Amino acid sequence: MPGVQVLQTIQADQITDRVRAKFAMVAPVLEATLYSLAMSRVTRLGGFDKITLHDLAREFLSGSGDAGICFEYAVHEAIATENPLIAPLASEVLEDLCGISGGAVSILFGPEKNGRIPIIESVQDALTDESRVYVGNRGHPAKLKRYIPQIVRAFHRHEARNKLPRSIMGLWKADLFLGNTGSDRWVGTTVKINPTALEGAQGLRIGIYPRVDKKDVPRRDEKLNLIRLPLPYDAAFMELYYKSFYLVRAFLRADASVPPPVALPDAEDRFVTAELAARRDFPLLDVLQVIRDMSQESLLDNKTVETVEPTAALSEDEGLDESPKQTPGSESVSLSPTPLSGS
């Protein structure tokens, strides 16, 4: 695989209006959709960096897991960029129910879909030798970094799971690691778009999912041995996510053009898709940066820090390649592929 550029993104302001908020949410939805393409199609088009928005509309095939993988990306990016619709809630749950103060930081660990998806952030680089994973049981918390290679193997090799310490035997099911770089304490987190699919595993501590009803509040679930972190709908994270998700789907079904009013009646949604349609023939990875900037002029401060070799990827056939992941801290650190040469 080619080298990747490390792009350091520092949030400089709060999101202040609905259109810009949708741009901020549309970006991870499109990114997850891009990395969900089968590698045979990506190769045919010359690599991820060559695929345009129009290509994505032609190549993308809807599937039952689409909303789930996009949801994982959206939750991660929203916490990493301190989106006010979720970051304060995640920070409160971490402090009140996990004893981890200082604000929530997210490390993307296990996104998966058909085709190969580069891991956005390097878990191994984000952790120190003293990073501890807290599982809610008595006993000394395990040092997480030393077990990352084994957790990676356990992701796609059943026999490797029994070689993990009992307290973290199910940590390969984590989608994120939430914690704080100051205290260097982390918890394995599962993210489910379907609340009924939420399940516990040894090593998982938090479960994030759409709220079931108004009585569904953050709490300990003794049966699942998880801390539930439901995300609210009304004028909140889930409403923004679903509107953005269906906005993107309508746009792709319309062949990367503005959908008819019957498919997308909201004026603000049509404005967002018009901005996307105007860029339909540009590489999507370039468009993603533009629409992230459009989410608010003062929202993000970007600079390229360095070029490094990628450390992990997911494959439909291979599972998670065995190399570990860049620390977000109060900053979000992302890896964006540099141009691929024919693959």
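Read-outs throughout are calculated quantities, based only on the coordinates presented, and are distinct from any laboratory measurement. Since the structure is predicted, the reported quantities are computational estimates derived from the model, not experimental observations. Backbone-built Cβ (ideal geometry, glycine too); neighbour counts: all protein chains shown.
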Taking first residues from the stretch 152-177 that are more than 18 Å from residue 69 (Cα to Cα) and second residues anywhere that are surrounded by 14 or more Cβ atoms within 10 Å (Cβ to Cβ) and among the acidic types (Asp, Glu), the pairs with Cβ under 6 Å that are 6 or more apart or on different chains are 152/322
Note on residue 256: of the conditions (1) hydrophobic (A, V, I, L, M, F, W, C); (2) assigned to a helix (DSSP H, G or I); (3) crowded, with 19+ Cβ neighbours inside 10 Å, unmet is (2)
Contacts under 6 angstrom Cβ, first residue in the stretch 238-258 being at positive phi, partner of a type in the set (Lys, Arg), 6 or more apart: 256/280
Close pairs (8 angstrom Cβ cut-off, 6 or more residues apart or separate chains): closer than 11 Å to residue 218 by Cβ in the stretch 77-102, of a type in the set (Phe, Trp, Tyr) anywhere: 98/134
Within the stretch 62-81, is even one residue of a type outside the set (Lys, Arg), assigned to a loop (DSSP other than H, G, I, E, B), touching a Ser or Thr at 6+ places or on another chain (Cβ under 9 Å) and over 25 Å from residue 251 (Cβ atoms)? no
Just name the residue that is farthest from the chain's Cα centre (by Cα) out of those in the stretch 226-242 that are outside any loop (DSSP other than H, G, I, E, B) and of a type in the set (Ser, Thr, Tyr). 242
Scanning the stretch 259-279 for residues that are of a type in the set (Gly, Ala, Ser) and in a loop (DSSP other than H, G, I, E, B), which turns out nearest to residue 75 (Cα to Cα)? 263
Filtered residues of the stretch 152-205 (kept if farther than 22 Å from residue 128 by Cα, among the small types (Gly, Ala, Ser) and touching a helix residue (DSSP H, G or I) at 6+ places or on another chain (Cβ under 6 Å)): 160, 201
Subset of the stretch 46-61 (residues that are crowded, with 18+ Cβ neighbours inside 10 Å, among the aliphatic types (A, V, I, L, M) and not in a helix (DSSP H, G or I)): 51
